[in-house]
Amino acid sequence: MSERKIIYLGFAFSHHRNTHAGYDKISDFLAYNKKINCQQYIENCASKKLFRRIIHKLCNVLFHIPDIPFYLLKVIQIGCISKNNVFHFIYGENIFFRLPKWLLRKENKYVCTFHQPFEWFEHNPRFLNYLKELDAVILVGKSELEKFECVTGRKNVFFIPHGICTDFYRPEESIHKEHMLLTVGNWLRDYDFADRVYQRLLIEDPSLVINVVASEKNQQKIKKHSRILFHNGISDERLKKLYCQCSVLFLPLIRYTANNAVLEAGATGCNLVVASNYPDNSYIPEEYISVTEMDIDKTILAIKAALRPKYNYGLSAYVQKYFSWTEIAKQTSDVLKKI
């Protein structure tokens with residue numbers, strides 16, 4: 001039998017390019033035999049140019065997809081002339097498309113890492129059918145493993161957490177903690193709830209300063225105040241400094257699952273408070289994080305308890321040990337090689 005080859009298919013989201021964030025960083029740590037870049041397809045899908053809009057309409061009518069995935073030609077080329085390849089689609093929701101089985105040699109395997117909750121698949125039935133045909137499914141949260149296994153009908157669903165660049169995100173003892181709260185991010189964030197929490201905190205704690213790193217659209221949901229500082233499009237260096245300066249990271253999450261901000265802040269030793277009615281605490285043990293329902297009183301109590309101006313070295317050590325890309329790449333490689 002020829003040696004199994006692991007082939008990467010991926011891209012970087014625009015907000016992750018030239019940063020330390022993004023799941024595509026796994027390609028720097030996992031020894032893929034070949035890498036297929038899907039960046040052009042993603043950029044074409046997002047393009048607003050007239051020509052691309054025409055292509056989008058044609059593709060949606062004819063194929064029910066947003067654009068032409070030319071990168072699949074490379075998959076076909078490799079899969080036709082060689083066997084024992086494992087094609088790993090790192091963002092399955094964005095770049096996996098079913099190919100006719102007769103196009104590829106049957107010894108080839110398909111694996112997708114998925115980042116969306118099961119509810120997303122229920123609203124996208126085409127992907128429910130894809131799940132049945134994949135050789136393995138990797139999830140970045142573990143609370144819904146059984147739901148996915150019910151669809152695949154096999155024990156081929158694995159939990160492997162998201163990773164972060166732990167060489168970059170770590171405590172900086174030269175930066176002193178201040179009486180500051182930090183909220184970061186846009187995806188699955190409830191800034192209407194966050195604003196109600198902020199306004200209460202500002203009244204009850206006259207020395208507290210709140211930093212919000214979010215899009216302008218989400219910033220507009222928050223009432224302006226002299227002690228609420230807004231940031232957008234900042235560098236990784238500036239973000240790391242905020243993690244180190246602030247005493248607590250507060251995230252108002254519609255669904256708590258894989259989350260870059262939780263891991264980045266935790267790696268720097270910043271205390272963590274998550275408010276969510278749909279928690280999936282697959283990552284951080286309760287001794288290191290406070291997870292509460294979206295109740296203003298309970299959330300404020302949790303934040304006040306976490307507002308301690310000192311580094312949480314126990315949390316930092318835990319994240320450094322279990323969520324480095326080196327560790328995540330090893331776990332992923334083990335799964336890809338054994339299917």
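The values are calculated or read from the model by the stated rules, or taken from the named source; none is laboratory data. Please read all numbers here as calculations on a predicted model, not as lab measurements. Don't worry about glycine lacking a Cβ; one is built from the backbone with ideal geometry, like all the others, and counts go over all protein chains shown.
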> Among the numbered criteria (1) in a strand (DSSP E or B); (2) buried (at least 19 other Cβ atoms within 10 Å of the Cβ), which single criterion is violated by Tyr130?
Replying inline: (1)
>> For the range 137-147, give me the residue count where each residue is hydrophobic (A, V, I, L, M, F, W, C), in contact (Cβ under 8 Å) with a residue 60 or more places away in the chain and surrounded by fewer than 21 Cβ atoms within 10 Å (Cβ to Cβ).
In response: 0
> Within the range 254-280, how many residues turn out to be of a type in the set (Ser, Thr, Tyr) and either part of a helix (DSSP H, G or I) or farther than 29 Å from Lys142 by Cβ (or both)?
Replying inline: 1
>> Please go through the range 258-300 and give me each residue that is more than 17 Å from Leu188 (Cβ to Cβ), acidic (Asp, Glu) and modelled with pLDDT under 95, ordered by number.
In response: Glu286, Glu287
> Can you tell me which residues in the range 1-37 are closer than 21 Å to Lys240 by Cα, out of contact with any Asp or Glu (no Cβ under 9 Å at 6 or more places or on another chain) and crowded, with 17+ Cβ neighbours inside 10 Å?
Replying inline: Gly22, Tyr23, Asp24, Lys25, Ile26
>> Among the numbered criteria (1) closer than 28 Å to Tyr91 by Cα; (2) within 25 Å of the chain's Cα centre (by Cα); (3) touching a residue at least 12 places away in the same chain (Cβ under 8 Å), which one does Asn211 miss?
In response: (1)
> Only one of Thr268, Thr257 is closer than 19 Å to Pro161 by Cα and touching an Asp or Glu at 6+ places or on another chain (Cβ under 6 Å); which?
Replying inline: Thr257
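Condition check ((1) closer than 17 Å to His162 by Cβ; (2) in contact with a Pro (Cβ under 7 Å, 6 or more places away or on another chain); (3) crowded, with 20+ Cβ neighbours inside 10 Å) across all residues:
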| site | (1), (2), (3) |
| --- | --- |
| Asn85 | no, no, yes |
| Pro100 | no, no, no |
| Trp120 | yes, no, no |
| Asn124 | no, no, no |
